[in-house]
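Peer 1: Got a structure here, written out as structure tokens. Questions coming.
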Amino acid sequence: MAELKVTRETFPLLELPSGDSVGIRVVTIEKVNSSSTSTFLITANIHGDEVTGVVVSHRLIDWLCENPEKVEGKIVIIPSLNPSGLLQASRFPAFDAQDPNRTWPDSKPKNIGVAPDEPKTDTWYDIQKQVEDRTRPQNEAFNRLYAFIEDTIRPDYHVDLHTFSTISIPFIFLDRLTFNNENETKDQETPLWDRTNEFVQQLGLTVVMERPVHLYIKQKLHRSTSGTTLNKLRIPSCTIELGPMDCVPPACRSAGVSAVLNGLIHAGNITNTERFPITEVPVLRFEKPHRYLVYPLSPATGIVDFYVTCGEPFKQGETLGVIRHMNGQLQAEVKADMDGYIIAWFNGVAVHKNQPLGMVAVEDGNVPIIAAWQDLPLATFY
């Protein structure tokens, strides 16, 4: 009979001034005498108010423990990367109010994007520089956790579970790939991208590319959880967005479980099982790569009424919605400037002129997917 070794431990993330510490729970499920050496890492809830991934993680633990004969290799599950934020229903950890999904170790080479030395403007320049360059609590915490992932867990694949907007379809963000051309070439990095893309496509959800590389780096997305495991740890990885925050819709939960199980099948950590079809939510299949775009902007101030449902295509010139005055009088129509697909409408109905209303998928065009750090403009880093 198949035997699993299940361990539950606490990783000490950060010591607090109170003398207590923040710990994260790590669940490891390993097939005894497995024929596979594949290790699959599942993380969730780095934003404390994005809760569906926590429940998906627990359901995956149940499924794996109930089907030991189908498990191979090692699966490591971290249901919450941000337990203090989870308790407070806050995006940020209680100990450091900055985005935790931008604070993982930097994959950027140290000699890239370095500005000339600034003139020392006054006596206190060095002190001020120390303040600006200090290591914040989150950086300390995630540096430590990254070392644990790299040296102890040593994953071969990774998925990070998030949520996005109240009105959105589940989808996957596929990160851009960067490399140091002093050590590698684009041809050498292409197999990693091919493996990553193949892995992500097997999960069964809508897939959209991240921002173009210069914006991806400028907004520190290479220091997100999946951005770090892809660009620094150099393993196939992605971010799965599972619908609304603050709640767990059954359809999004089910789609998340199925997507991760499909990833485990692809990685060889689940065997003797057919891929899980995802029918609970809309899934878009693109013939060409599509990227996400924050769009449209509201053409007027007022109350927005969306016409196009998430998951549906739209054509250039189509009316996506309208803006009305509070008295019901029409203020403006929201017209599409291009063809695309609605992925999400943002929360709320009261909007100001030029306020972003949602997110769409559009063709990626000729934007590079793999880029050398040395080819990025200096403005990327400032």
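The values are calculated or read from the model by the stated rules, or taken from the named source; none is laboratory data. What you see is a predicted model; the values in this text were computed from it and never measured. Cβ atoms come from the backbone with ideal geometry, glycine included; neighbour counts cover every protein chain shown. When the accessible area is computed, the model is the full protein with side chains, heavy atoms only, and any ligands, DNA or RNA have been set aside. Shrake-Rupley method; radii C 1.70, N 1.55, O 1.52, S 1.80 Å.
Peer 1: Can you list the strands (runs of 3 or more DSSP E) lying wholly within the range 17-79 that have 3 or more residues being open to solvent by 60 Å² or more (accessible area, probe 1.4 Å) and without any contact (Cβ under 8 Å) to a residue 60 or more places away in the chain?
Peer 2: Working: elements: 21-31, 39-44, 74-78.
In the range 17-79, the matching strands (runs of 3 or more DSSP E) lie at 21-31.
Residue by residue, here is whether (1) surrounded by 23 or more Cβ atoms within 10 Å (Cβ to Cβ); (2) under 24 Å from Gly73 (Cβ atoms) holds:
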site: Thr123; (1), (2): no, no
site: Ile127; (1), (2): no, no
site: Trp193; (1), (2): no, yes
site: Phe199; (1), (2): no, yes
site: Gln202; (1), (2): no, yes
site: Thr225; (1), (2): yes, yes
site: Leu233; (1), (2): no, yes
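Peer 1: Which condition breaks for Gln98 when tested against (1) closer than 18 Å to Leu81 by Cβ; (2) open to solvent by 20 Å² or more (accessible area, probe 1.4 Å); (3) touching a Pro at 6+ places or on another chain (Cβ under 9 Å)?
Peer 2: (3)
Residue-wise test of (1) aliphatic (A, V, I, L, M); (2) within 30 Å of Ile75 (Cα to Cα); (3) modelled with pLDDT of 95 or more.
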| site | (1), (2), (3) |
| --- | --- |
| Gly268 | no, yes, yes |
| Asn272 | no, yes, no |
| Pro277 | no, yes, yes |
| Glu287 | no, no, no |
| Phe306 | no, no, yes |
| Gln316 | no, no, yes |
| Gly328 | no, no, yes |
| Asp339 | no, no, yes |
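Peer 1: Something else: Go through the range 287-324 and give me each residue that's without any contact (Cβ under 8 Å) to a residue 24 or more places away in the chain and among the polar types (S, T, N, Q).
Peer 2: Matches in the range 287-324: Gln316, Thr319.
Peer 1: Oh, and also: Which of the residues that make up the range 129-162 are surrounded by fewer than 17 Cβ atoms within 10 Å (Cβ to Cβ), of a type in the set (Ser, Thr, Tyr) and not in a helix (DSSP H, G or I)?
Peer 2: Within the range 129-162, just Thr135 meets the criteria.
Peer 1: Would you please list the contacts, defined by Cβ atoms under 6 Å and residues six or more apart or on different chains, that run from a residue in the range 1-14 that is among the aromatic types (Phe, Trp, Tyr) to a residue that is in a strand (DSSP E or B)?
Peer 2: Sorted first by the residue in the range 1-14, then by its partner, the pairs are Phe11/Ile24; Phe11/Val26.
Peer 1: If I ask for residues that are β-branched (Val, Ile, Thr) and either in contact with a Cys (Cβ under 7 Å, 6 or more places away or on another chain) or without any contact (Cβ under 8 Å) to a residue 24 or more places away in the chain (or both), which ones from the range 187-225 would you list?
Peer 2: Within the range 187-225, just Val200 meets the criteria.
Peer 1: Here is a follow-up. Out of curiosity, is Asn327 free of Cβ contacts under 8 Å to residues at least 12 places away in the same chain, farther than 18 Å from Tyr292 by Cβ and of a type in the set (S, T, N, Q)?
Peer 2: Details: free of Cβ contacts under 8 Å to residues at least 12 places away in the same chain: yes; farther than 18 Å from Tyr292 by Cβ: yes; of a type in the set (S, T, N, Q): yes.
Judged against the criteria, Asn327 is a match.
Peer 1: In the range 169-222, which residues are in a helix (DSSP H, G or I), more than 21 Å from Ala255 (Cα to Cα) and not charged (D, E, K, R)? Walk me through how you get there before you give the answer.
Peer 2: Keep residues of the range 169-222 that are in a helix (DSSP H, G or I), which gives 186-201, 213-218, 221-222.
Of the ones still in play, those that are also more than 21 Å from Ala255 (Cα to Cα) are 186-195, 213-218, 221-222.
The answer is Gln188, Thr190, Pro191, Leu192, Trp193, Val213, His214, Leu215, Tyr216, Ile217, Leu221, His222.
Peer 1: For the range 235-273, give me each residue that is of a type in the set (Gly, Ala, Ser) and open to solvent by less than 20 Å² (accessible area, probe 1.4 Å). Walk me through how you get there before you give the answer.
Peer 2: From the range 235-273, those of a type in the set (Gly, Ala, Ser) are 237, 243, 251, 254-256, 258-259, 263, 267-268; that's our starting set.
Hits for the range 235-273 are Ser237, Gly243, Ala255, Gly256, Ser258, Ala259, Gly263, Ala267.
Peer 1: Being in contact (Cβ under 8 Å) with a residue 60 or more places away in the chain and more than 25 Å from Gln202 (Cβ to Cβ) is the filter; apply it to the range 166-186 and report the residue that is most open to solvent (accessible area, probe 1.4 Å).
Peer 2: Checking each candidate, the answer is Glu182.
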